[in-house]
C-alpha cells in the first residue's frame, strides 16, 4: 500500500484556477459531469479490493492531472490570443481614425478642385474640361491634366497639397483595411481556443468528479497510507537545508519546504493549497523569480541541467508530456505537490519517470 501511495505522490501539475476563476475546491469539483475516457467510466462501481480502490484513485488522479495541465495551457494560450486580438483592435481603431482625418483633409481641398474645374470651363479649354468631366477621381484628374495649364501658381500649390492628402488617405484606407483583417483573424483564433478550453474544462471537471468518487470509496486506513509521511525517514526541513549554498534555487526550496503538509488542489497556486506547478511558481516567487504557470512552460524557463548534475533547488520534470514538476531537495528527493489526497511532501524522486531539469 505504501508503494502505491508513493507512486500516487508523483502526479502532475494541473491547475485550473483561472478557468473557473479561482482554485477548484472539492465542492466545485463535483459540479462537472462531462468527463471523457476512463476517468468517468462508472467511478461509483465498487472496487473488488482495497488495493484496487487505491489503484483506481491513482489512475483517475493521473488522468485528471493531465487534463488539468491541458486546460491550464489552453487558458494560457487563450490569454495570449486575447491580448493579441485586443492589440489588433486598438491598431484597427487607430488606423480608422487616421483614415477619417485624411478624408476630412480631402474635403477641405474640395473647393480647390471646384475652382480648377471652373477655370477650365471659363477658359474654354475644351480638351481639359473634357478630361475634368470624365475623370473618375481627383487623382485621375491630376494625372490627366497639367496643373500649370489649368490654374495659377497659388491653385497649383493647393492642388499639390491635395494630392499629398489624397495619397495619405489611400495609404490610410489600406492600413485600416489590413488592421481590421488582422483584428478579425486574431479574434477568430481566440474564439477557437476558447471553444477548446471549454471542452477541456468540461472533461477535467468530469475527471475530478471521478477522483472524488474513488476517494470516497477508500477506507480511513487506505487514505492515510496513500497520503504517506511528509518526509522520508531520517529527513526533515532542517536536515535538507543544512549546508546548502545560498542561492535563488536553494532559497526557493527553503520557501517551498514551509508549505509541507498543505493540501493538493487542482489549479491552486498557494499560499495554503497547491498543485505541482503552482507550488514551484509560488516558491520561486518568494525569491523574486517570475516563473511561468504550467509545468510545460516551466520546462523552458532557466537553463537545462543534466540529471547527474542536479543540485538542491533545481526544478525537475517528469513524464513524457512534462505533466509533473517538483523542486530537487538533494539526496535523490524532491519537494512537490503530488495529487488529490496527498499533501505537499518530500518524496523520492526516482518513483516517477524523469524527463528533464532546469536551473532557475
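The values are calculated or read from the model by the stated rules, or taken from the named source; none is laboratory data. These numbers were taken from a predicted model, which means no experiment stands behind them. Here the Cβ is made from the backbone with ideal geometry for all residues, glycine too, and neighbour counts use every protein chain on show.
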*Single residue of the range 255-271 satisfying the filter (touching a helix residue (DSSP H, G or I) at 6+ places or on another chain (Cβ under 8 Å) and at positive phi) that is surrounded by the most Cβ atoms within 10 Å (Cβ to Cβ)*: 267
_Odd one out for residue 35 among (1) assigned to a helix (DSSP H, G or I); (2) within 26 Å of residue 322 (Cβ to Cβ); (3) at pLDDT below 80_ = (1)
*What is the residue count in the range 280-298 for residues that are farther than 17 Å from residue 255 by Cβ and in a loop (DSSP other than H, G, I, E, B)?*
3
*Does residue 295 satisfy the condition of being within 16 Å of residue 339 (Cβ to Cβ) and out of contact with any helix residue (DSSP H, G or I) (no Cβ under 6 Å at 6 or more places or on another chain)?*
no
*Residue among 304, 348 that is at pLDDT 95 or above, closer than 24 Å to residue 223 by Cα and surrounded by fewer than 21 Cβ atoms within 10 Å (Cβ to Cβ)*: 348
*With (1) surrounded by fewer than 18 Cβ atoms within 10 Å (Cβ to Cβ); (2) more than 16 Å from residue 347 (Cα to Cα) as the list, and residue 252 as the residue in question, which single condition is left unmet?*
(1)
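Here is a yes/no grid of residues against (1) farther than 30 Å from residue 160 by Cβ; (2) modelled with pLDDT under 80; (3) part of a helix (DSSP H, G or I):
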{"site": "57", "(1), (2), (3)": "yes, no, yes"}
{"site": "61", "(1), (2), (3)": "yes, no, yes"}
{"site": "73", "(1), (2), (3)": "yes, no, yes"}
{"site": "92", "(1), (2), (3)": "yes, yes, yes"}
{"site": "99", "(1), (2), (3)": "no, yes, yes"}
{"site": "103", "(1), (2), (3)": "no, yes, yes"}
*Which residue, of 274, 354, 340, 360, is at pLDDT 95 or above and either under 27 Å from residue 213 (Cα atoms) or buried (at least 23 other Cβ atoms within 10 Å of the Cβ) (or both)?*
274
_Tally up the residues in the range 277-289 that are surrounded by fewer than 24 Cβ atoms within 10 Å (Cβ to Cβ), on the phi < 0 side of the Ramachandran plot and in contact with a helix residue (DSSP H, G or I) (Cβ under 8 Å, 6 or more places away or on another chain), please._
4
